[in-house]
Structure formats: structure tokens, C-alpha cells
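Enquirer: This structure is in C-alpha cells; I'll ask about it shortly.
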Amino acid sequence: MTPQNDAAALYFSAISAALRGLEIFMRDDRSPLYRHGIVAKVAAEYIGRLETSFNCWKNRLGFVESFRISRAESGFPVFQNVLELENDRRQADQRLATIPSADELRAEMADFILRHKEFPAALQKSMAERLYLEAVKGGDIFGPFSLAKTANVSVNPKTQRPSYLVHWATFDGTANLPLIYMATIEDSSDAMLRQLVTSDGKLNGKVDIPLPVDGLLNPELAHRFDDFTEKNSAYALSPTTIATNLDKDFADLHPKHMRRMVLGPFYSAGITEHNSIVTEVLSKVRKPENAWLLTWTTQEVYSKAEKPGRKGLFSSEQASEEFYINTDDLEAARQGVSSYEKHALIPHEAYQALYAASEAQKIFLGYKVHILSKGQVISDV
């Protein structure tokens, strides 16, 4: 194995352990981060997609030697890898048709070894490509953009409007970071009010809604909503900017709450370079598979009031939301959010190394720290 392959193996081992740990944390009923099970369930779905993508990328190294990550910034793969994975998914059937079946390749490899007394490198690459394409074709990967889904429907008793919990995700091509979005949106369109809300202001139980539903539940707005989210989900846009744009672009949609989960940066000993202190301490961790640190940030913005719309003979004005920005918190104001939380997940051995080096308090200032130990996550340390 070459040093480059050693580094790749180390990176994939570390990121896989980190994502498994994050999934354990998300699925834990005692998680201090998410008190609502549906939020954790949604996040776990996208984390699972990331795990699938990393498994595919690992298999891809069997026939393609290059794989680039953002070593000095996010610690995640560069956007080009995400685009290539999505392109391979779309072309998987076409490419698989040109590669012999797995059984045929195994037979050819055995025959090659017997006749030539050497390893069949070319056939091995063909086998790796077949296994990769089969995995890409069959799995839900974390693509450049994942279309929205409606995960829950209820009725706001105050406004008597249908309320949707909608989620989508994107891999930001500039920051090289996975982003997960969740939004609570009320719908005041006449068609959905008649269909979903009873005369006494309750959700119409006679309407069968097989959740989750692909796209926004309102079929008349679903395509426009997909276009909007694809164009308005960049990391450079604050959640408040996105919610405000949504509020302006859709007269019948009223975003009441938006949450963005920013995964990363990710730190791995011997691979990433974005924090010299973290890198130095992690390099001293005895087991390489425990020499990593995963951080993430949750940002939230909510509407504190709705300004009623106005209709007149010569001009009209649609209803608009007044979003709360916490100006008492300088960081919240800088991010343009009502609130935020910074989290860090780290193996127990790596945390001990940081603590022993007297760096833990400085590195984790402002973070909620979660320690992965023996398949469980310990929080509030």
C-alpha cells in the first residue's frame, strides 16, 4: 500500500467513525440537542446518505487513484467529488452494461492468475468499478442537492392554516460543507385550506397523507418551491435571508421557523491542516481510528410576528413575517439568526489527549461537547 493509499484509508476510517457516532447521537432519545424525534430522524436520514457516499468514494479508489478533500478548511471532500458521484449514479446502468458480471470477472481473474502467475490488476480494477457502480446505483447518496420532502402536516390552531415541516439538503460547492435544512411553513392558499382544515380548525382526518411526501405538499407550488430551495440554499446566505426570500417569493407560504444544520469542519490527524493545535494533539492519539474531531453548528430563525397583508384599489401588500434576530448575542447577530448552537463530537481517547495537553477548554470554548465511548455518546462534559 502506498503512503497515499495509507492516508486515504486513515481518512475514510476516521470519517466513517465520526458519522456513525453522529448517527448514534441523533438517534439517542436522551439527546440534549433535539427534543423532537422527527428532527433527529430527518437529520439521521441525511447522515445515512453521507455514510453511503463515503462508502462509494472508498470503493471508487479501487479504480480511480485521485480523491481530494478540503484539507485546510472543511475537512470534507471537495465539491468535484460530489458532482462526479452524482454523474456516476446517473450513468451507472449504461456503464455496468459494458463491464462483465462479477462471476465472469472472478473466473477471468482466477484463470489469469493460473496462466500468468501474477496479480490481474486490470481485472481487479474492473471488479472494483462494477462494485462501485452497483453501490452508487442502489444507495441513497448525498448529492449536490436533495429535493425537499414534507415530513409532517398539522394545523396551527391560532391561524387555522395547514403547517408543513419540510426538509431538504445541499452540499455547498464553495465551503465544501454538507447543509441540512428544515422549515416549518404555513400555507394560506384557498385550495389547501379547503382540503386540509375542517370547519372547527382541525386537520382533516379524511385526507390520507402518506408521509413523507416528495416535495412541498401543495402541488401547485411544489415545482416553484424546488426551484427556490435549489437557488437559495448556499452557505453564504443566512437562514434569515433564505426565510425572508421565501416569504417574499410565495404570497401563500409563511415560513415560521427555519433550522440549518452545518456539518463540519472535520479534523483528522495526519490529514487535515485547518487547526495546528488540534492537529498536533490528535497526532499523539495512540489509535489512529480515534484521532478525529467532528464539529457542527445548528442555526435557527423564527418569526416573532406576521404583518397582515393589505388589499386596496390602487395597491396591495402581501402578508410578511418579522423574523427575530438576537442582537444581544454578537455571534447570533453576525450569523443572522435567532439562536445557534455549536457542537463537537470526539472519541474518548482523543478528548483525553486534548485534556492532558491543557487544550480542551480553549478548543471547546462555546461548544457543547459530546464524547464517543464504547458505542455510546456522553454529553454535557
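Enquirer: Take the conditions under 20 Å from Pro265 (Cα atoms), among the polar types (S, T, N, Q) and in contact (Cβ under 8 Å) with a residue 60 or more places away in the chain and apply them to Gln335. Does it pass?
Expert: Spelling it out, Gln335 is indeed under 20 Å from Pro265 (Cα atoms), among the polar types (S, T, N, Q) and in contact (Cβ under 8 Å) with a residue 60 or more places away in the chain.
Enquirer: Quick one: in the range 191-229, of everything that is among the hydroxyl-bearing types (Ser, Thr, Tyr) and surrounded by fewer than 17 Cβ atoms within 10 Å (Cβ to Cβ), which residue is farthest from the chain's Cα centre (by Cα)?
Expert: The extreme case among them is Ser199.
Enquirer: Give me a count of the residues in the range 294-310 that are touching a residue at least 24 places away in the same chain (Cβ under 8 Å) and either β-branched (Val, Ile, Thr) or farther than 25 Å from Pro239 by Cβ (or both).
Expert: Adding up the residues that qualify gives 4.
Enquirer: Would you check if there is a residue in the range 89-97 being under 30 Å from Tyr235 (Cβ atoms) and surrounded by fewer than 15 Cβ atoms within 10 Å (Cβ to Cβ)?
Expert: Checked the range 89-97: at least one residue is under 30 Å from Tyr235 (Cβ atoms) and surrounded by fewer than 15 Cβ atoms within 10 Å (Cβ to Cβ).
Enquirer: Out of the range 132-151, which residues are at pLDDT below 95, out of contact with any helix residue (DSSP H, G or I) (no Cβ under 6 Å at 6 or more places or on another chain) and of a type outside the set (Asp, Glu)?
Expert: If the condition is that a residue be at pLDDT below 95, out of contact with any helix residue (DSSP H, G or I) (no Cβ under 6 Å at 6 or more places or on another chain) and of a type outside the set (Asp, Glu), then Gly138 is the only one that fits.
Enquirer: Still on this structure: Report yes if some residue within the range 39-46 is surrounded by fewer than 19 Cβ atoms within 10 Å (Cβ to Cβ), closer than 24 Å to Thr297 by Cα, modelled with pLDDT of 85 or more and not acidic (Asp, Glu); otherwise report no.
Expert: Yes, the conditions are met somewhere in the range 39-46.
Enquirer: Does the range 365-379 hold any residues that are surrounded by fewer than 20 Cβ atoms within 10 Å (Cβ to Cβ) and not aliphatic (A, V, I, L, M), and which are they?
Expert: Correct list: Gly366, Tyr367, Lys368, Ser373, Lys374, Gly375, Gln376, Ser379.
Enquirer: Can you name the condition, by its number, that Val64 falls short on among (1) over 26 Å from Asn176 (Cβ atoms); (2) in a loop (DSSP other than H, G, I, E, B)?
Expert: Against the list (1) over 26 Å from Asn176 (Cβ atoms); (2) in a loop (DSSP other than H, G, I, E, B), Val64 comes up short only on (1).
Enquirer: Now, a different point. Among (1) of a type in the set (A, V, I, L, M); (2) touching a residue at least 24 places away in the same chain (Cβ under 8 Å); (3) surrounded by fewer than 21 Cβ atoms within 10 Å (Cβ to Cβ), which single condition is Ala107 missing?
Expert: The number of the failed condition is (2).
Enquirer: Something else about it: Please go through the range 160-190 and pick out each residue that is surrounded by 13 or more Cβ atoms within 10 Å (Cβ to Cβ) and without any contact (Cβ under 8 Å) to a residue 60 or more places away in the chain. Let's see the steps before the verdict.
Expert: Initial filter on the range 160-190 (surrounded by 13 or more Cβ atoms within 10 Å (Cβ to Cβ)): 160-173, 175-189.
Result: Gln160, Pro162, Tyr164, Val166.
Enquirer: Just checking, how many residues over the range 230-267 are among the polar types (S, T, N, Q), part of a helix (DSSP H, G or I) and either buried (at least 22 other Cβ atoms within 10 Å of the Cβ) or in contact with a Phe, Trp or Tyr (Cβ under 7 Å, 6 or more places away or on another chain) (or both)?
Expert: 2
Enquirer: Could you say whether any residue in the range 323-332 is surrounded by 12 or more Cβ atoms within 10 Å (Cβ to Cβ), under 20 Å from Ser238 (Cβ atoms) and touching a His at 6+ places or on another chain (Cβ under 9 Å)?
Expert: no
Enquirer: Return yes when Ala360 is without any contact (Cβ under 8 Å) to a residue 24 or more places away in the chain, over 19 Å from His257 (Cα atoms) and either touching a helix residue (DSSP H, G or I) at 6+ places or on another chain (Cβ under 8 Å) or buried (at least 17 other Cβ atoms within 10 Å of the Cβ) (or both) and no when it is not. Explain how you work it out, then say what you get.
Expert: On the way: without any contact (Cβ under 8 Å) to a residue 24 or more places away in the chain: yes; over 19 Å from His257 (Cα atoms): yes; either touching a helix residue (DSSP H, G or I) at 6+ places or on another chain (Cβ under 8 Å) or buried (at least 17 other Cβ atoms within 10 Å of the Cβ) (or both): yes.
Answer is yes for this residue.
The values are calculated or read from the model by the stated rules, or taken from the named source; none is laboratory data. This structure is a prediction, so every number in the text was calculated from the model and none was measured. Cβ: placed from backbone, ideal geometry, glycine included. Neighbour counts: every protein chain shown.
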